[in-house]
Amino acid sequence: STLLAALATLTSRARIGVLVYGNTHRNPAILAKEMVTVDHISDGRAILGIGTGWNEPEHRMYSMPFPSAGDRVGMLDEALTAMESFFTNPRTTFRGEFYQFEDAPFSPKPVQEKLPVLIGGKRPRMLRLIARHADIWDASGSPEEVAEAGAIIDQHLETFGRPVGSVLRGVSLGADVLENTASFESNVRAYHAVGVRQFLFDFPISQPGIDTALTIARDIIPSLRAELDAAG
């Protein structure tokens with residue numbers, strides 16, 4: 001979060017966030033305070049990217065508990081429920097299985113009316129959690145797999161009384177996509193056709209890869225974006 005705050009002071013348009021925080025690394029109240037601070041420093045450009053936590057060796061090396069996969073999903077569900085209350089209510093009382101907060105004050109609130117929450121995942125329990133809490137879903141897999149998982153999220157959205165399609169579909173792709181001018185457009189078109197509207201790429205580390213990425217950014221992305229925006 002300290003790095004995000006520094007980036008916020010050096011940028012003016014870029015959204016500020018990580019892909020993603022591990023929920024098991026911080027108490028939800030601490031992470032919520034950190035993200036609100038970044039939101040204020042960036043004048044409302046923060047995104048809360050969060051997941052269950054997965055790196056068992058890292059937890060072991062730093063003496064952090066590493067619960068079961070099922071418990072980690074439950075912890076993330078409770079953490080986000082509590083943070084939603086922190087962001088909107090003067091005080092929060094929350095009594096869950098994993099977290100308890102008693103008349104806890106939280107101020108200031110985010111600059112944004114709704115601080116966006118980004119969650120990745122494709123397993124059944126995570127898809128349900130995404131439908132309950134996320135504003136942005138960071139997907140993985142083929143376009144067909146994204147379409148199938150997205151349809152499940154839309155079903156869960158109805159269960160939670162949220163509008164179908166209200167979770168923005170995104171996808172994270174490797175640097176190899178940015179290193180191939182021949183296939184870049186076809187990759188983007190395939191995901192756009194199944195509802196993906198946010199594209200995140202690993203950035204190339206070799207100079208030839210960086211040069212190709214810059215060529216794509218300059219010569220391909222502007223016209224492709226205009227075409228896809230017009231298509232809806």
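The values are calculated or read from the model by the stated rules, or taken from the named source; none is laboratory data. None of the values given here were measured: they were computed from a predicted structure. When we count neighbours, we look across all protein chains shown, and the Cβ atoms used for this are built from the backbone with ideal geometry, even at glycine. Remember, those area values only see protein heavy atoms, side chains included, never the ligands or the DNA or RNA. Shrake-Rupley method; radii C 1.70, N 1.55, O 1.52, S 1.80 Å.
Kindly rank 129-137, 71-79 from highest to lowest mean number of other beta carbons found within 10 Å of each residue.
Highest mean packing first, the order is 129-137, 71-79.
Karplus couplings for region 47-58 from phi (6.51 cos²θ - 1.76 cosθ + 1.60, θ = phi - 60°), rounded to Hz, Gly and Pro as x?
Each residue's phi maps through the Karplus curve to give 10, 8, x, 8, x, 6, x, 9, 7, 4, x, 4 Hz.
Would you pull out the residues with amide H under 5 Å of V18's amide H, same chain only if 5 or more places away, H placed 1.01 Å from N?
Amide H to amide H, under 5 Å and 5 or more residues apart or across chains, V18 pairs with G49.
So for region 1-146, taking the charge dipole from beta-carbon charges (+1 Lys/Arg, -1 Asp/Glu), which of I136, N27, N55 sits furthest toward the positive end?
Of the candidates, I136 comes out farthest on the positive side.
Once amide H atoms are built 1.01 Å from N in the peptide plane, which residues 5 or more positions from G96, or in another chain, come under 5 Å H to H?
F101
Give me the percent of Cα-Cα pairs in region 90-142 that sit more than 17 Å apart, rounded to a whole number.
59 percent
Which whole-Hz couplings ³J(HN,Hα) result when phi for each residue of region 170-184 is put into the Karplus expression 6.51 cos²θ - 1.76 cosθ + 1.60, θ = phi - 60°, listed in order with x for Gly and Pro?
Along region 170-184, the couplings run x, 8, 9, 10, x, 5, 4, 5, 7, 10, 9, 5, 5, 10, 4 Hz.
Just the number please: accessible area per residue for region 1-147, 1.4 Å probe, all protein chains included, in Å².
Using a 1.4 Å probe on heavy atoms only, each residue of region 1-147 averages 52 Å².
Between L228 and F203, what is 0.36 nm times their sequence separation minus the Cα-Cα distance? Round to one decimal in nm.
6.7 nm
Using the Karplus curve 6.51 cos²θ - 1.76 cosθ + 1.60 with θ = phi - 60°, work out ³J(HN,Hα) for each residue of region 209-220 in order, rounded to whole Hz, and write x for Gly and Pro.
x, 5, 4, 5, 4, 5, 5, 4, 4, 7, 9, 10
Relative contact order of the chain, please, whole-number percent, based on alpha carbon pairs below 8 angstrom and at least 6 residues apart.
Relative contact order of the chain: 13 percent.
Among A79, V18, F94, flag the residue with its Cα farthest along the positive direction of the charge dipole of the chain, charges on Cβ as +1 for Lys/Arg and -1 for Asp/Glu.
It is F94, whose Cα lies furthest towards the positive end.
Restricting to DSSP loop positions (anything but H, G, I, E, B) with no more than 13 other Cβ atoms inside 10 Å of their own Cβ, which GluC sites (Glu not before Pro) remain in region 88-152?
Here the GluC sites (Glu not before Pro) that fit, given the DSSP loop and packing criteria, are E97, E113.
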